[in-house]
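Chemist: Structure provided below as structure tokens; questions to follow.
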Amino acid sequence: MVNTFAKAAKLKNWLACPDCPEPIRECKTIFDKAFPSTKPADTDPDEIATSAFVSTPSELKHLLSDRKVALRARHKVDNVVYSRSSTHMGNSLVMFYPKGQWSAEPVPGSIQYVIHKQDGSVVYAVCEQLPAPQGSVDPFRHYPDFPARIYSTGLSSKLCLVSPQWVLCHYGRWHLDDKRTVVLTLSRVCSYLTCNIIT
């Protein structure tokens, strides 16, 4: 796999060089169509065109004072891609600090909208994962170093605004049954190790 990747990279580099033979360089157009760039077109906030701004959707008007916004499919922060649920469900599942309160426990939710505001800032409209049904037993509570918890399979019908800076990480979700799901925090930093380093 590494050899194949290296060969492809060398070929792309050669096709871009000025000393590449003209007949071969003409094939670059076909090559680009066959192997397009995998970079999402809308990961850079500076690339949002003025024409992309539309009237704020009715379901967001109670959250935003902006009359116009650009709705994006995804947003990249520190090489991590966050998406709206309609684009990629897995990338929409985020653990976040509600209202930016770092002292609070992060909560799980699904990004429904990635909103680019006219001032250049980006916010997410998120529906929280509902708590586990009453009477549910959480077997993971006995294992503090394994960051999994039982929640409801449903999401709140209310949207809340979340700044990208309030997002801790993605989370994985696995349905136990029709009413319960396991939420596993996918933080790349173990909280146990962090505590030990700080103390």
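Quick note: the coordinates plus some simple rules give every number you see, no bench work behind them. Since we're looking at a predicted model, the values are computed, not measured. Every residue, glycine as well, gets a Cβ built from its backbone with ideal geometry; the counts of neighbours run over all protein chains shown.
Chemist: Which FRET efficiency value, to the nearest 0.05, is calculated for Val81 and Leu161 with the Förster distance at 25 angstrom and r the Cβ-Cβ distance?
Modeler: 0.80
Chemist: If neighbour count is taken as other Cβ atoms inside 10 Å, put His170, His88 in order from fewest to most.
Modeler: With the fewest neighbours first, His170, His88 line up as His88, His170.
Chemist: Give a quick list of chymotrypsin sites (Phe, Trp or Tyr not before Pro) in the range 101-164 that DSSP marks as loop, anything other than H, G, I, E or B, with at most 16 other Cβ atoms within 10 Å.
Modeler: On the way: sites: Trp102, Tyr113, Tyr124, Phe140, Tyr151; in loops: Trp102.
Those satisfying the criteria are Trp102.
Chemist: Do the alpha carbons of any pairs in Lys12/Lys76; Lys76/Lys99; Lys117/Lys179; Lys12/Lys117; Lys99/Lys179; Lys10/Lys76 sit beyond 31 Å of each other, and which pairs?
Modeler: Numbers: Lys12/Lys76 25 Å; Lys76/Lys99 21 Å; Lys117/Lys179 36 Å; Lys12/Lys117 37 Å; Lys99/Lys179 27 Å; Lys10/Lys76 27 Å.
Those over the limit are Lys117/Lys179; Lys12/Lys117.
Chemist: Amide H neighbours of Leu186 under 5 Å, at least 5 residues apart or on other chains, H built in the peptide plane: list them.
Modeler: His170, Tyr171, Gly172
Chemist: A further question on this structure: Would you mind ranking Ser86, Ser152 by Cβ crowding within 10 Å, fewest neighbours first?
Modeler: Details: Ser86 11, Ser152 16.
Sorted ascending by nearby Cβ count, the order is Ser86, Ser152.
Chemist: Now a separate question. Considering amide H positions built from the backbone, and no H for Pro or chain starts, which residues 5 or more places from Thr56, or on another chain, come under 5 Å of its amide H?
Modeler: For Thr56, whose amide H was placed from the backbone, the distant partners under 5 Å are Lys68, Val69.
Chemist: Got a sec to turn the phi values of the range 90-107 into Karplus ³J(HN,Hα) couplings, 6.51 cos²θ - 1.76 cosθ + 1.60 with θ = phi - 60°, whole Hz, x for Gly and Pro?
Modeler: Ordered by residue, 3J(HN,Hα) equals x, 6, 8, 7, 10, 8, 9, 8, x, 6, x, 8, 5, 7, 7, 6, x, 10 Hz.
Chemist: So how much slack lies between Asp119 and Tyr143, counting 0.36 nm per residue of separation and subtracting their Cα-Cα distance, in nm?
Modeler: 4.2 nm
Chemist: If each residue of separation counts as 0.36 nm, what is the full-extension length gain between His62 and Asp178 once their alpha-carbon separation is subtracted? Could you put the intermediate results ahead of the total?
Modeler: On the way: separation 116, 0.36 × 116 = 41.76 nm, distance 3.16 nm.
Full extension of this stretch gives 38.6 nm more.
Chemist: Give me the distance in nm between label points sitting 7 Å out from Cα along the Cα-to-Cβ direction at Ser136 and Leu186, one decimal.
Modeler: Computed distance between label sites Ser136 and Leu186 equals 2.0 nm.
Chemist: Can I ask one more? Ranking Met95, Met89 by Cβ neighbours within 10 Å, fewest first, what do you get?
Modeler: Listed from fewest to most nearby Cβ atoms, that is Met89, Met95.
Chemist: Using the Karplus curve 6.51 cos²θ - 1.76 cosθ + 1.60 with θ = phi - 60°, what ³J(HN,Hα) values do you get for each residue of the range 140-148, in whole Hz, with x for Gly and Pro?
Modeler: Running phi through 6.51 cos²θ - 1.76 cosθ + 1.60 with θ = phi - 60° gives 7, 5, 7, 10, x, 8, 10, x, 10 Hz.
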